[in-house]
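These notes are about the structure you will find just below.
The values are calculated or read from the model by the stated rules, or taken from the named source; none is laboratory data. All figures in this text were calculated on a predicted structure; none of them were measured in a lab. No Cβ is skipped: glycine too gets one built from the backbone with ideal geometry, and neighbour counts run over all protein chains shown.
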Amino acid sequence: MKNLFFIGGPMGVGKSAVSRELQRVLPDCALLDGDNLWDMRPFVVNEDTKACVLANIIACLNNFLACPQFKNIIFCWVMHEQSIIDGIVSQLDLNGARLISLLLICKKRTLLKRLSRDIRRGARKEDVKERAINYLPLYAGLSTAKVETDGLTPAEIAQIISDL
């Protein structure tokens, strides 16, 4: 049986780092980071680009699900609304695959510390802090399992997830 991991959470919580570590731990594993599908210049968020990115996510995930080589598929992205998760899942050919939908969470202070570190190394811009904090309340309504990340390394979090 295949496992499809959806790993969501606010910007800066560690989705990409945890997903890369999880990929190292799990056998026969493909990783799709939703952020890569938004890598465009100029960066424009509108109905056309949203539809394009969602179509690409669904196509990539369905291709990974259909490929017999992969037993584990990881998809990480912000996914701050249940409708985003449900909309993607409704268009996937799960064909018996087990969906494990997770939300990485941490304290606001921890999130700001992680974002500040990313800003210092040039990976993010200063405005990400306000956006990330504004997204936090949106995660309360998600019907996903929550994984607390405070005080844990990406490798430790990946191990917790791999044991599910």
Here are the criteria: (1) part of a helix (DSSP H, G or I); (2) within 20 Å of Tyr135 (Cβ to Cβ); (3) under 14 Å from the mean Cα position of the chain (by Cα). Tell me which single one Phe75 does not satisfy. (1)
Using beta carbons and a limit of 8 Å, which pairs, at least six apart or on different chains, have the first residue in the stretch 52-70 and part of a helix (DSSP H, G or I) and the second one modelled with pLDDT of 95 or more and of a type in the set (Val, Ile, Thr)? Leu54/Ile88; Ile57/Ile88; Ile58/Ile88; Leu61/Ile73; Leu61/Ile88; Phe64/Ile73; Leu65/Ile73
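Matching residues to (1) surrounded by 15 or more Cβ atoms within 10 Å (Cβ to Cβ); (2) of a type in the set (Ser, Thr, Tyr); (3) modelled with pLDDT under 95:
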{"site": "Cys76", "(1), (2), (3)": "yes, no, no"}
{"site": "Gly87", "(1), (2), (3)": "no, no, no"}
{"site": "Asn95", "(1), (2), (3)": "no, no, yes"}
{"site": "Lys108", "(1), (2), (3)": "no, no, yes"}
{"site": "Leu111", "(1), (2), (3)": "yes, no, yes"}
{"site": "Arg117", "(1), (2), (3)": "no, no, yes"}
{"site": "Arg120", "(1), (2), (3)": "no, no, yes"}
{"site": "Ala123", "(1), (2), (3)": "no, no, yes"}
{"site": "Glu130", "(1), (2), (3)": "no, no, yes"}
Read through the list (1) touching a helix residue (DSSP H, G or I) at 6+ places or on another chain (Cβ under 6 Å); (2) under 19 Å from Phe5 (Cβ atoms); (3) crowded, with 16+ Cβ neighbours inside 10 Å, then give the number of the only condition that Cys60 fails. (1)
List the residue pairs whose Cβ atoms are under 7 Å apart, where the first residue sits in the stretch 24-49 and is on the phi > 0 side of the Ramachandran plot, the second is surrounded by 13 or more Cβ atoms within 10 Å (Cβ to Cβ), and the two are 6 or more positions apart or on different chains. Asp28/Phe70; Asp28/Lys71; Asp28/Asn72
How many residues, within the stretch 108-164, are over 19 Å from Ile7 (Cα atoms) and among the hydroxyl-bearing types (Ser, Thr, Tyr)? 1
